[in-house]
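What follows is a short report on a single structure.
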Amino acid sequence: MRSPRTATALVLTSALAAGLLAGCANDDPAEDPSVDAEAGEDAEPEEITLSVVSLIPGSEPEAFAAFDERVAEFEEMYPYITVEGVEYEWRATTFAAQLAGGTLPDVYEIPLTDAKTLIQNGQLADLDAEFAQLDYANEFNEQLLAAGTGEDGHVYAIPAKSIYGVALHYNRDLFEQAGLDPDDPPTTWDEVAEYAAQIKRETGVAGFATMAANNTGGWQMTAATYARGGRVQEANEDGTYTATLDNDATRAHLEFLHELRWTDDAILADTTLDWGTINQAFAAGQLAMYTSGSDVLNSLMETNGLDPATYGLTAMPLEGDDAGVLVGGTLAAVNVSADDATKDAAIKWIDFWYLSTLRDEQQAVRDSQVRNEGGQGVGTPVLPIFSREQYEQELEWKADYINVPLDQMTGYTDVMFDQPVVGEPSRQTQPFYGLLDSAVQAVLTDEGVDIDALLADLNEQAQALLDSE
Amino acid sequence: MATLVHATRPRRSPVTWARRGGLSTLVFALPLLVVFGVFSWLPIGRAIVMSFQETNLVVSEWVGLDNFRAVLDDPLLGRAVANTAWFALLALIFGYPVPLVGAVLMSTVRRMRGLYSVLAYLPVVVPPVVAVLLWKFFYDPRPEGVFNQILGWVGVGPFPWLQNQTWAMPSLVLEATWAAAGGTVIIYLAALTSVPAELYDAAEVDGASLWGKIWHVTMPHLRGVLLITFILQIIGTAQVFLEPYLFTGGGPNNATVTVLLLIYRYAFGQSLGGDYGMATALSLMLAVLLAVLSLAYFRLTRGWSTS
């Protein structure tokens, strides 16, 4: 089955890497603002090809052109590295197959929540030595960095790309057509339901939609549970965990979805929607509101060709005593079979592509200029990888190139640093999401669903998952 | 066969064996044996071993029958088996007679038979993934969806198709039947051409009706083929994966989770790497079940076959 393929991939990788020496001397340290050139290595490094994540499959040609432009600049800095972009979208249901099949690029992206287990399984390359080369290695948000650090204290995955809080995205045009003020988005879940029903009535378009497949339905159900003051699992004092899917917040949100579907008929009744397809549907004007990470506008622009003028962003309505916003994010990791030369090239790429654009004025300006010209979003609100000050500084550098309508996002940006944040469930994250997927699908496809019985059953399965650890 | 040869002839020396073409036979067979060995038998052997292990493909630990127990304890297994059986039954009801009727009808037409064959076979040529994406589009549950609009003209629908726990499975069977019927039609057509024309003439002389000719002349000649296609259909539908995986991912609410999809979920469904032990254990259980079923079927039907 996989074994021959894995073996072939391994042979190919080793053949590619064979004879390549670990050379990381950079002839001109001045060109390289953030990576310390290693002293004493004057030898010309050997040629190396590094495969990296480029963009989501199906992205706009201009976005790929912009990517290629940045790659050319990187290759000019490091003439011995040839970068090969691989289109990539992380999906819970395909990642393991890609990892086992050896088809992931050398540098790839993983969610914050997966790093610990991947490290434990020995599936990520140890990047500690390479990470130490970054002159800002000590300035990361500690909690984020801890997510990619192993029990041995070594860094295996580095916070990169973006850290998001889940927020509510809406289509301003549909708001207007329905007689709603797009500058006054809903602030409670009741209002979300009310607005959704009104939009459906006035425009015929679904007022709301939710992801429901490939574990993303469970991810958003968890976000909604947090927003309504609930949790899906709790840590016990003895180190064990208790599943709490059967909580009032989850129940309230399932009832909310059920009512939107069966009473108001105001929700897009499609249980196959996941992160990518709901973006597509939103950009195509098939729905007015949905929840997803705060940074999704970037993808809507570069992959789905969304006109930002129609886009609005506001905060998740928070209700209940312990309500919070679900935060998540991305780490950059390197293929476990990578040799030192590949890892060294990888850290240079991670620095250049993901991080220098947040820390170095010249790179920040250049990157936002290229992204702006390529029609990609610049200035989309995300949570800081380093510190709030650093983030605000970065936005200042990029100010001339910001092309996302920040004045249409104030519902979120006004409160993004004040909202309480809650991390994703730490145990059995994706299996939990998988279980909640089926709950979302059940309320959207079965009018007579018994939500209490459904949650009781799922909670039992969730507890079994926790007990199996 | 080899033992038979040995039993009736004196033992040959390796030289005579080689001289009589044994060596070239081996050389010719070798690539096939190697390919089969490496890509079929080795993975099968590895799967049997893995089903008794807990493994992440790097480190393995023997766990006895734990994987089989875990599979049998999975609350989703019953659902998957029931769904697969439901798919197989629906596919049998729709998918088995449709190609047969199509082939019999096509064999009776005199003109443009080639065109009909091409039309019937066309869906088989369409890559399955493309076909599913196309049908997903047809199955749009909104009134303006392709199928719903067409049915709307005659005042039927709209139907939720894939967006309903009851409708989802029949929708998958409809597409699967469309996609697979062409291949079976061609097999039946080939079998039909082997029916001697004089038998029909004789039947006609005896005053047989069209139905009488089909029942008494055509069917007995097709019996062997029908028996084979029946068991192939059962084996094929028991392993249905593509349709539920691409159409619904097993949803809504696990209404289309099949045994093979469950195996896939065990192995690859979670981003953190799967339970390859459980996946191979269930694969093995399915394989044994199908082997037993096939054996029993052939024993039961031994007397029916014409071939």
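The values are calculated or read from the model by the stated rules, or taken from the named source; none is laboratory data. In this text, all values refer to a predicted model and were calculated from it rather than measured experimentally. Cβ placement follows ideal geometry from the backbone for every residue including glycine, while neighbour counts extend to all protein chains displayed.
The number of residues in segment A:367-401 being aliphatic (A, V, I, L, M), part of a loop (DSSP other than H, G, I, E, B) and farther than 16 Å from residue A:63 by Cα comes to 2.
Under the condition of being under 26 Å from residue A:448 (Cα atoms) and surrounded by 19 or more Cβ atoms within 10 Å (Cβ to Cβ), which residue from segment B:165-181 is nearest to the chain's Cα centre (by Cα)?
So the first thing to find is which residues in segment B:165-181 are under 26 Å from residue A:448 (Cα atoms), and the list is B:165-173.
From what is left, the residues that are surrounded by 19 or more Cβ atoms within 10 Å (Cβ to Cβ) are B:165, B:168-169, B:171-173.
Values: B:165: 24, B:168: 20, B:169: 17, B:171: 18, B:172: 14, B:173: 13 Å.
Looking at residues that are under 26 Å from residue A:448 (Cα atoms) and surrounded by 19 or more Cβ atoms within 10 Å (Cβ to Cβ), I get B:173.
When B:227, B:246 are checked against the criterion of being crowded, with 18+ Cβ neighbours inside 10 Å, within 14 Å of another protein chain (Cβ to nearest Cβ) and in a helix (DSSP H, G or I), a single residue qualifies: B:246.
Taken residue by residue, segment A:436-448 has at least one member that is out of contact with any Leu (no Cβ under 8 Å at 6 or more places or on another chain) and closer than 17 Å to residue A:224 by Cα. Only one of the numbered conditions (1) within 19 Å of the chain's Cα centre (by Cα); (2) farther than 30 Å from residue A:263 by Cα; (3) within 14 Å of another protein chain (Cβ to nearest Cβ) is not met by residue A:423, and that is (3).
Taken over segment B:249-278, the residue count meeting the criterion of being within 10 Å of chain A (Cβ to nearest Cβ) and without any contact (Cβ under 8 Å) to a residue 60 or more places away in the chain is 11. For segment B:111-133, the count of residues that are exposed (fewer than 12 other Cβ atoms within 10 Å of the Cβ), away from chain A (no Cβ under 14 Å) and of a type in the set (D, E, K, R) is nonzero.
Residues that are surrounded by fewer than 17 Cβ atoms within 10 Å (Cβ to Cβ) and either in contact with a helix residue (DSSP H, G or I) (Cβ under 8 Å, 6 or more places away or on another chain) or within 9 Å of chain B (Cβ to nearest Cβ) (or both) within segment A:451-469 comprise A:452, A:460, A:464, A:468, listed in sequence order.
Could you look through segment A:112-123, keep only residues that are crowded, with 21+ Cβ neighbours inside 10 Å and out of contact with any strand residue (DSSP E or B) (no Cβ under 6 Å at 6 or more places or on another chain), and pick out the one that is farthest from the other protein chains (Cβ to nearest Cβ)? Before you say what the answer is, go through the steps one by one.
First pass over segment A:112-123, keeping only residues crowded, with 21+ Cβ neighbours inside 10 Å: A:112-115, A:118-119, A:123.
The next check asks that each one be out of contact with any strand residue (DSSP E or B) (no Cβ under 6 Å at 6 or more places or on another chain); those that pass are A:113-114, A:119, A:123.
On the way: A:113: 9, A:114: 6, A:119: 11, A:123: 7 Å.
My answer is A:119.
Residue B:294: more than 14 Å from chain A (Cβ to nearest Cβ), among the small types (Gly, Ala, Ser) and touching a residue at least 12 places away in the same chain (Cβ under 8 Å), yes or no? So residue B:294 fits the description; yes.
Check segment B:191-201 and report whether any residue there is surrounded by fewer than 17 Cβ atoms within 10 Å (Cβ to Cβ), touching a His at 6+ places or on another chain (Cβ under 9 Å), hydrophobic (A, V, I, L, M, F, W, C) and free of Cβ contacts under 8 Å to residues at least 24 places away in the same chain. Checked segment B:191-201: at least one residue is surrounded by fewer than 17 Cβ atoms within 10 Å (Cβ to Cβ), touching a His at 6+ places or on another chain (Cβ under 9 Å), hydrophobic (A, V, I, L, M, F, W, C) and free of Cβ contacts under 8 Å to residues at least 24 places away in the same chain. Given the criterion modelled with pLDDT of 85 or more, surrounded by fewer than 22 Cβ atoms within 10 Å (Cβ to Cβ), farther than 30 Å from residue B:160 by Cα and under 24 Å from the mean Cα position of the chain (by Cα), identify the matching residue among B:238, B:291, B:279. Only one candidate qualifies: B:291. Is one or more of the residues making up segment A:187-209 closer than 27 Å to residue B:254 by Cα and under 24 Å from the mean Cα position of the chain (by Cα)? Looking for residues that are closer than 27 Å to residue B:254 by Cα and under 24 Å from the mean Cα position of the chain (by Cα), one finds at least one in segment A:187-209, hence yes.
Among residues that are closer than 25 Å to residue B:71 by Cα, within 11 Å of chain B (Cβ to nearest Cβ), touching a residue at least 24 places away in the same chain (Cβ under 8 Å) and hydrophobic (A, V, I, L, M, F, W, C), residue A:439 is included.
Residues that are in contact with a Ser or Thr (Cβ under 6 Å, 6 or more places away or on another chain), of a type outside the set (Asp, Glu) and either assigned by TED's automatic domain parsing to the domain that holds residue A:219 or surrounded by 22 or more Cβ atoms within 10 Å (Cβ to Cβ) (or both) are absent from segment A:75-87 altogether. Of the helices (runs of 4 or more DSSP H) lying entirely inside segment B:71-143, those containing at least 2 residues that are closer than 30 Å to residue B:267 by Cβ and of a type in the set (Phe, Trp, Tyr) span B:75-90, B:128-138.
Has segment B:211-231 got any residue that is touching an Asp or Glu at 6+ places or on another chain (Cβ under 6 Å), within 24 Å of residue B:84 (Cα to Cα) and not hydroxyl-bearing (Ser, Thr, Tyr)? So far as segment B:211-231 goes, no, none of its residues is touching an Asp or Glu at 6+ places or on another chain (Cβ under 6 Å), within 24 Å of residue B:84 (Cα to Cα) and not hydroxyl-bearing (Ser, Thr, Tyr). In a residue-by-residue description of segment B:239-248, the property of being within 26 Å of residue A:117 (Cβ to Cβ), in contact with a Leu (Cβ under 6 Å, 6 or more places away or on another chain) and of a type in the set (A, V, I, L, M, F, W, C) applies to no position. Within segment A:349-372, residues that are under 9 Å from residue A:398 (Cα atoms) reach partners that are at pLDDT 90 or above and not in a helix (DSSP H, G or I) with beta carbons closer than 6 Å, at six or more positions or on different chains, in the pairs A:368/A:378. Evaluating residue A:394 against the criteria (1) more than 14 Å from every other protein chain (Cβ to nearest Cβ); (2) without any contact (Cβ under 8 Å) to a residue 60 or more places away in the chain; (3) under 27 Å from residue A:261 (Cβ atoms) leaves one unmet condition, (3).
Residue by residue, here is whether (1) surrounded by fewer than 17 Cβ atoms within 10 Å (Cβ to Cβ); (2) part of a loop (DSSP other than H, G, I, E, B); (3) within 14 Å of another protein chain (Cβ to nearest Cβ) holds:
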residue	(1), (2), (3)
A:411	no, no, no
A:416	no, yes, no
A:419	no, yes, no
A:431	no, no, yes
A:443	no, no, yes
A:449	no, yes, yes
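Give the residues of segment A:41-89 that are within 14 Å of chain B (Cβ to nearest Cβ) and touching a residue at least 60 places away in the same chain (Cβ under 8 Å), sorted by residue number. If the condition is that a residue be within 14 Å of chain B (Cβ to nearest Cβ) and touching a residue at least 60 places away in the same chain (Cβ under 8 Å), then A:58, A:89 are the ones that fit.
Just name the residue that is nearest to residue A:327 (Cα to Cα) out of those in segment A:134-153 that are polar (S, T, N, Q) and modelled with pLDDT under 90.
Taking segment A:134-153 and keeping what is polar (S, T, N, Q), we get A:138, A:141, A:143, A:149.
Okay, now just the ones that are also modelled with pLDDT under 90, so A:141, A:143.
On the way: A:141: 14, A:143: 12 Å.
Once the filter is applied, the top-ranked residue is A:143.
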